[in-house]
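Beneath this line is the structure, given in structure tokens, with notes to follow.
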Amino acid sequence: MNETQDLLQRYLRQRREMGEAELFLDRHNASELHDLLTRTPVETAADAPAPGASAPEIVQLGSLESVREIALGCPRCRLAETRQHVVFGEGNPAAELLVVGEAPGADEDRTGRPFVGRAGKLLTLLLASVGFERESVYICNVLKCRPPGNRNPRPDEIEACSPYLLRQVELVAPRAILACGTFAAQTLLRTTVPISRLRTGAYEYQGVPVVATYHPAALLRHAAWVRTSWEDLQRLREILDPVGGRSA
Ligand code: SF4
């Protein structure tokens, strides 16, 4: 079988798989037929991946729900090919506190929810210890899809996903942000300073005060850091409640 026959066979098989029972070749001239035959399947309209919303389109969406709907079908980086679920985020859409983690892990990828599993339970406990019920805050990650094997997020993935986080921050309009872990803090603050130094500083993201602390998964490995993280949360509480009375 020569190359043209092979192409023709692939083209016909593809049309049949798309449910077409008839084919009108006389509609096409030689040049159009050649173009049809040399297209790869992914280039056909039926098989082409959805292009996804552009960054400017995402940051103009008017509600968290509309941003979520776009994110659930997002093809903007390679992680779309390996994820089970997009983990967009959840919680109070008008929360005073926005918690930002790094990326979904296996439990999150399986359930589609952020911060579940042991690390999530620890986060819930820590938040409660300073007066934040989990339901009262909004929780999301820098990346909405799981990097395979929990590898570190790559710069181009962070870049591709950042419009979602930016719009989440704008729409929730929190009074403070808790950045959990190195990647969340470094991404929000656009720095490579280690989390051990970032956690004592005062920063802002989009005009919102940011407190950086260790990721709960790191606290599970280093129990001595739990107290340190609790102190970070106390600072967060003081930002939201400077006179000592709690509003949450
Ligand atoms: S990680 Fe973000 S940019 Fe990449 S596919 Fe998932 S939602 Fe899209």
Worksheet entry | Per-region count, the range 118-152, residues of a type in the set (Lys, Arg) and either surrounded by 24 or more Cβ atoms within 10 Å (Cβ to Cβ) or without any contact (Cβ under 8 Å) to a residue 12 or more places away in the chain (or both) | 4
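Give the residues of the range 91-117 that are within 14 Å of Leu143 (Cα to Cα) and surrounded by fewer than 19 Cβ atoms within 10 Å (Cβ to Cβ), sorted by residue number. So that I can check it myself, show each step before the final result.
Applying the first criterion (within 14 Å of Leu143 (Cα to Cα)) to the range 91-117 yields 99-106, 108-109, 112-115.
Passing the criteria: Ala106, Gly112, Arg113.
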Item to complete: Take the range 190-208 and flag every residue that is open to solvent by 100 Å² or more (accessible area, probe 1.4 Å) and farther than 20 Å from Trp225 by Cα.
Response: Arg190, Thr192, Glu204, Gln206
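Hey, does the range 189-202 have a residue that's within 16 Å of the ligand (Cβ to nearest atom), within 29 Å of Arg83 (Cα to Cα) and among the hydrophobic types (A, V, I, L, M, F, W, C)?
Narrowing the range 189-202 to residues within 16 Å of the ligand (Cβ to nearest atom): none.
No, the range 189-202 contains no residue that is within 16 Å of the ligand (Cβ to nearest atom), within 29 Å of Arg83 (Cα to Cα) and among the hydrophobic types (A, V, I, L, M, F, W, C).
The values are calculated or read from the model by the stated rules, or taken from the named source; none is laboratory data. Fair warning: this is a prediction, and the values are worked out from it, not measured in the lab. Quick reminder, even Gly has a Cβ in these numbers, built from the backbone with ideal geometry, and neighbours come from all protein chains shown. Only protein heavy atoms, including side chains, enter the accessible area calculation; ligands, DNA and RNA are left aside. Shrake-Rupley method; radii C 1.70, N 1.55, O 1.52, S 1.80 Å.
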